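The structure appears below as structure tokens.
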Amino acid sequence: MHTTFWSAEQARTGIQEAAAALAAGGVVAFPTETVYGLGGDARSTEAVKRIFEAKGRPSDNPLIVHLADEAEVFELAERVNDVEKALMAAFWPGPLTLVLPVKAGAVSSLVTAGLDTVAVRVPAHELARELIGRSGCPLAAPSANRSGRPSPTRASHVLEDLDGRIDGILDGGETGVGLESTVVRVLDGIVHILRPGGVTKEQLQEAVGATADIVSPENDAKVTTSSSEPDSDSEQAPRSPGTKYAHYAPRGEMIVFSGPQEMLVEAIQAKTDETAKLGRRIAVLCCSEHAGLYREAEAVFDCGERGNPEQAARALYARLRECDERGLDFILAEGYPEEGIGAALMNRLRKAAGGREIVVR
Ligand code: TXA
Ligand code: MG
């Protein structure tokens with residue numbers, strides 16, 4: 001299949017042609033403020049099937065539906081409660097996904113993987129909203145990577161993974177947040193964070209105030225293990241089917257180091273010294289303050305100032321892809337405090353590392 005690439009300079013014609021392709025049942029990658037998505041008409045089983053095929057995505061992992069306008073949510077959702085309305089008002093357009101009871105027949109059952117809920121968001125990226133609006137379709141859109149690869153934050157990443165497998169790619173430059181949206185489900189007045197992301201727990205708390213409790217995923221280690229059986233005590237809690245898959249993985253082996261930042265450099269250096277002897281090609285992902293301190297690693301990636309985890313979030317997936325390209329097969333990453341966007345960043349670092357974490361104390 002030929003994949004049309006619309007460069008940023010061709011954005012005007014690109015949007016029109018891409019919207020026409022989507023309206024005709026095609027699948028097109030487009031930028032959002034989080035990562036690039038691979039869109040298709042959520043009402044068309046044929047289009048949605050093509051999304052799953054292009055990505056190599058397991059069919060039991062449902063997709064997020066993207067809307068141009070928040071009023072359209074009522075066409076997809078059976079009910080929207082007051083807490084959900086408050087969240088929509090506070091964060092849409094933006095990187096928050098709400099899991100809502102689905103209206104029967106509103107989207108293809110492949111989108112929801114047969115669940116009785118549908119995940120919905122209104123992205124804050126201008127190109128995305130214009131594309132959705134012009135296509136006239138609610139767009140089912142997972143991240144535009146091959147399943148298991150880091151999510152794409154540049155159009156070139158999409159090309160790497162999906163060239164020849166999709167109808168087109170709309171280049172909108174580098175995405176802003178760099179990590180995916182926060183996925184929440186509101187149940188009995190409690191906001192459950194199913195996947196931490198671009199909207200932080202602190203922001204959610206501020207928006208809902210005393211009207212709702214916020215519950216985060218209890219324990220990352222639990223959700224990242226490859227065990228296929230859910231823990232018996234978590235069966236009642238709402239879950240995001242996607243969290244059971246090992247996502248975002250680079251090809252190399254990766255370890256996250258967490259603990260007091262003064263101690264991270266020493267621990268990572270010790271691991272580097274030990275491993276360099278074995279001929280492994282080592283990459284260190286660290287903050288700017290530490291970038292000059294590491295010895296023996298083949299690559300030291302400066303991921304931005306320690307006090308600014310937003311920078312690390314924006315850069316993470318591109319760095320992981322670069323490790324793959326350069327054949328760096330042992331990746332040691334500094335952890336971040338789990339506050340603000342740091343919570344989502346640590347969640348993705350742990351996933352990329354397949355749960356391998358060294359807690360330094
Ligand atoms: O930022 C984002 O959310 C990006 C951009 C493109 O919008 N999209 C994205 O989609 O990350 P994807 O498919 O890679 O991740 C969707 C997540 C998965 O963890 C999936 O299991 C969860 O949302 N999800 C979708 N529908 C759900 C539902 N009905 N109930 C619970 N979780 C759901
Ligand atoms: Mg994804």
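No value in this document is a laboratory result; all are computed from the given coordinates. Note that the coordinates shown come from a computational prediction; the quantities given were computed from them, not determined experimentally. Glycine gets a Cβ as well: all are built from the backbone with ideal geometry, and neighbour counts include every protein chain shown.
Remark: relative contact order (segment 253-359) = 40 percent; criterion is Cα-Cα distance under 8 angstrom and separation of 6 or more residues.
Annotation: amide H of Leu187 within the under-5 Å range of His192, sequence separation 5 or more or interchain, hydrogens built in the peptide plane. Think of the chain as having a plus end and a minus end, set by charges on the Cβ of Lys, Arg, Asp and Glu; of Thr211, Gly355, Ile166, Ile166 sits farthest toward the positive end of this dipole.
Stretching Arg165 away from Thr4 to a fully extended chain increases their span by 56.9 nm, per 0.36 nm per residue minus the current alpha-carbon distance.
Neighbour counts of other Cβ atoms within 10 Å put Asp302, Asp161, Asp69 in the fewest-to-most order Asp69, Asp302, Asp161.
Just so you know, the Rg over Rh for the chain is 0.97, from Cα atoms, with Rh as the Kirkwood radius. Here the Debye sum runs over all C-alpha atoms of segment 253-359 as equal scatterers in vacuum, and log10 of I(q)/I(0) at q = 0.12, 0.20 Å⁻¹ comes out as -0.33, -1.00. In this structure the amide hydrogen of Glu357, modeled in the peptide plane, comes within under 5 Å of the amide hydrogens of Val256, none closer than 5 places in sequence on its chain. How far is the Cα center of segment 15-78 from the Cα center of segment 287-361, in Å? Computed from Cα coordinates, the inter-centre distance equals 31 Å. Histogrammed with a bin width of 10 Å, the alpha carbon distances of segment 1-139 distribute as 12, 44, 35, 8, 1 percent, first bin at zero. The simple Förster model, with R0 at 22 Å and r as the Cβ-Cβ distance, assigns Arg326 and Thr13 a FRET efficiency of 0.05.
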